[in-house]
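Novice: Just passing along the structure, written as structure tokens.
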Amino acid sequence: MLGRIIGRSAGEITFRFSYNEDVKIGEILVAEDKESNAIFFLRVIDIKYGHEGPENWGLLAAGEMLMMDKRNEEYTLIEKERRLFKIGVCKPLGYVVENEFKKPKTIPSYFSGVRKPRKEDYTFLEKYMGDIEIGKLRSGESIIDMKVGIDGKLLPYHIGIFATTGMGKSNLMRVMAASIMNAGRYGVLIIDPHGEYYEGTGKGLKHHPLAEERLVVYSPNPEYGMNHLMISPYEINVSDVEEIFNFSEAQRDALYSLYGKYGKRWLIELQENDGETLAYEFDRRIQEMTFNVLKRRLERIYSSDIIHKDEKISIVDAIIKQLHEGKVVLVDTSSLYEYEELLIAVMLARRILNKNKSLFKNKEEFSKISPVLITVEEAQRVINEGIFAQIAREGRKFKVGLCAITQQPKLIKEEVLSQLNTFFILGLADEGDRNILKSSSKQDISHLEKEIQTLEIGEALITYPGAPFALPVKIHLYDEFISENAEKIKKDSVDEDFF
Ligand SMILES: Nc1ncnc2c1ncn2[C@@H]1O[C@H](COP(=O)(O)OP(=O)(O)OP(=O)(O)O)[C@@H](O)[C@H]1O
Ligand SMILES: [Mg+2]
């Protein structure tokens, strides 16, 4: 036994353990209650020292030691092992009787033995594990040999991935995309502003054994096997450009008037005519100057390298079809300007939501399409308003989920955060960022402050509605995961051939 329970209340349980034993914050321990035959799960939230004897004994002994230090003498503590000990302070997570998990409504009996968990203790968790594998269960810093995955059903309920820079957000997203490729029944759109998903520093999505059939890549400078990232001005909506540039009331009116008159040709007509002609076309209700300002503003888009002028070619329709077929669509925007990247993200997101909304009216067709997850890096830039906020609010009904990746959750509005049902919380250095997550998480994580602060690279807590508690996980390192994956897929196909 590691320790024995000494103090208890339903909110906090303390146990005594040996001075020489090492227990870490975040570790999960179990208490075996012989009276009720239950196993209690306790998460260590604090560790203190304690000593036997009169209350001020420690104070006096320390004074004595300091005196002797001065004289360069050695202080020998008699029965150190017995007199000094440690106290673990734990939050009860719940208990298991007959493989059923129950919320912590009761407490383990006094002096119950506390020990480190064994793999068998966690079998009750297996039924909570979904089909999108992302890592292994963790207890403090040690890894428990049990796979952790989230359920694909959670994708349209939106995901948030939060961590300070370098703590493992993109690695997690790569692992998730790889597992989604294994499953083959969810579509994922990844907008990649840093060009780190296809190849990565070590391995990327292109090294996935099923990449050929389940990964589609779009790039402005396509290599062999990639598609050309090109959009047509016919596909750009007024609402799309409204999200990336700021317009005055008069300018916005002019944009919608252009759309009212020319429909899908609005941007082309704006750019191909001069301000004078346009003002004349609108009976001078709109000033020539307004058109000229708009022309200058949108010139950047119109003359961009990613624009082609052929109405018949649309990669947007192709992308939506691929997503509906359960493919991972990677759009590499690393060589583009930020406004081009945002335009593509906003445009695709709007078209996906609208397409799914129209399919929704036909129950049979709608049931055939795969749910779609749209991932956005640096989500705080776009998620608070416009199409992304709209997807956060109403996407679930239309099988469209968001995966918001950010280093600064505090820059995301609380009403948007509260729509994200699954949180992956990795190491977060900033207190403001931790606080905002505490109030929006679907599980109580208020006692996990210290743990979140001390999470190492790749260590995470996952919360989602229905999870027994905030799950501590070590996310797979993508390169290792993909190598094991390749082995497994090879083996499976050999087995299939054999039968
Ligand atoms: N689960 C993991 N296990 C082991 N090492 C990891 C893990 N996740 C990330 N790392 C290491 O940390 C490095 C940074 O990870 P990653 O690029 O995913 O961080 P990030 O949070 O996306 O950073 P940024 O904010 O700069 O985008 C990786 O190159 C890898 O070496
Ligand atoms: Mg990253």
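Novice: Using the 10 angstrom Cβ neighbour count as an exposure proxy, how do SER358, SER367, SER219, SER112 rank, fewest first? Spell out each step's value before the answer.
Specialist: Details: SER358 12, SER367 9, SER219 20, SER112 24.
The order, fewest Cβ neighbours first, is SER367, SER358, SER219, SER112.
Novice: Whole number please: convex hull volume per residue of the Cα set in the chain, in Å³? Show your work: numbers first, answer last.
Specialist: Details: hull volume 109.2 nm³, N = 499.
Output value, Cα hull per residue: 219 Å³.
Novice: With 10 Å bins from zero, work out the P(r) of segment 3-117 over every alpha carbon pair and list the percent per bin.
Specialist: Cα pair-distance distribution for segment 3-117, in percent: 13, 39, 24, 15, 7, 2, 0.
Novice: Within the set LYS399/LYS438; LYS91/LYS450; LYS136/LYS169; LYS261/LYS309, which residue pairs have Cα atoms separated by over 24 Å?
Specialist: Values: LYS399/LYS438 27 Å; LYS91/LYS450 13 Å; LYS136/LYS169 16 Å; LYS261/LYS309 20 Å.
From LYS399/LYS438; LYS91/LYS450; LYS136/LYS169; LYS261/LYS309, over 24 Å: LYS399/LYS438.
Novice: May I pose another question? If packing is taken as the average count of other Cβ atoms within 10 Å, what order do 236-249, 156-169 fall into, highest mean first? Please list the in-between numbers first.
Specialist: Numbers: 236-249: 16.1, 156-169: 21.6.
My ranking of the peptides, most packed first, is 156-169, 236-249.
Novice: Fewest to most neighbouring Cβ within 10 Å: what's the order for TRP266, TRP57? Can you show the working numbers first?
Specialist: Values: TRP266 23, TRP57 12.
Neighbour counts put them in this order, fewest first: TRP57, TRP266.
Novice: Work through the residues other than LEU155 whose Cβ is under 12 Å from its Cβ and net out their charges, Lys, Arg +1 and Asp, Glu -1. Present the calculation step by step, with values, prior to reporting the outcome.
Specialist: Details: positive: LYS153, ARG185, ARG396, LYS399; negative: ASP131, ASP151.
With Lys, Arg at +1 and Asp, Glu at -1, the net is +2.
Novice: Using Cα pairs closer than 8 Å and at least 6 residues apart in sequence, work out the relative contact order for the chain, in percent. The partial results should precede the final answer.
Specialist: Numbers: 912 pairs, mean separation 93.9, N = 499.
Reported relative contact order: 19 percent.
Novice: Tally Lys/Arg at +1 and Asp/Glu at -1 over every other residue whose Cβ is under 11 Å from the Cβ of PRO371; what's the total? Don't skip to the answer; put the middle values down first.
Specialist: Working: positive: LYS153, ARG185, ARG396, LYS399; negative: none.
Taking every other residue near PRO371 into account, the sum is +4.
Novice: Now a separate question. Please arrange ASP46, ASP33 by counting, for each residue, the other beta carbons lying within 10 Å of its beta carbon, fewest first. If you can, show how the numbers build up before the last one.
Specialist: On the way: ASP46 14, ASP33 19.
Arranged by neighbour count, lowest to highest, ASP46, ASP33 become ASP46, ASP33.
Novice: Roughly speaking, what is the centre-to-centre gap between segment 412-482 and segment 17-39 when only Cα atoms are used, to the nearest Å?
Specialist: 24
Novice: While we're looking at this one, here's another question. Could you order the peptides 170-183, 94-107, 269-282, 462-475 from most to least packed, using the average number of other C-beta atoms within 10 Å per residue?
Specialist: Values: 170-183: 22.7, 94-107: 14.3, 269-282: 16.1, 462-475: 20.1.
In descending order of packing, they fall as 170-183, 462-475, 269-282, 94-107.
Novice: If Lys and Arg each add +1 and Asp and Glu each add -1, what is the summed charge of the other residues whose beta carbon sits under 15 Å from the beta carbon of ARG82? All intermediate terms of the calculation are to be shown ahead of the outcome.
Specialist: Working: positive: ARG4, ARG16, LYS80, ARG83, LYS86; negative: GLU21, GLU52, GLU79, GLU81.
Neighbour charge sum, excluding ARG82 itself: +1.
Novice: LYS312: which lysines have alpha carbons under 19 Å from its alpha carbon, excluding same-chain residues fewer than 8 sequence positions away?
Specialist: LYS264, LYS321, LYS355
Novice: Could you name the lysines whose alpha carbon sits less than 28 Å from that of LYS80, not counting residues in the same chain fewer than 8 places away?
Specialist: LYS24, LYS48, LYS70, LYS116
Novice: Taking θ as phi - 60°, what are the ³J(HN,Hα) couplings along segment 380-397 by the Karplus curve (6.51, -1.76, 1.60), each to the nearest whole Hz, with x for Gly and Pro?
Specialist: Values per residue, Gly and Pro as x: 4, 5, 10, 7, 6, 9, x, 4, 5, 5, 5, 5, 4, 6, 10, x, 4, 5 Hz.
Read-outs: derived from the displayed coordinates by stated rules, not from any lab. All of these numbers come straight from a predicted model, not from anything done at the bench. Here Cβ is always computed from backbone atoms with ideal geometry, including for glycine, and neighbour counts include all displayed protein chains.
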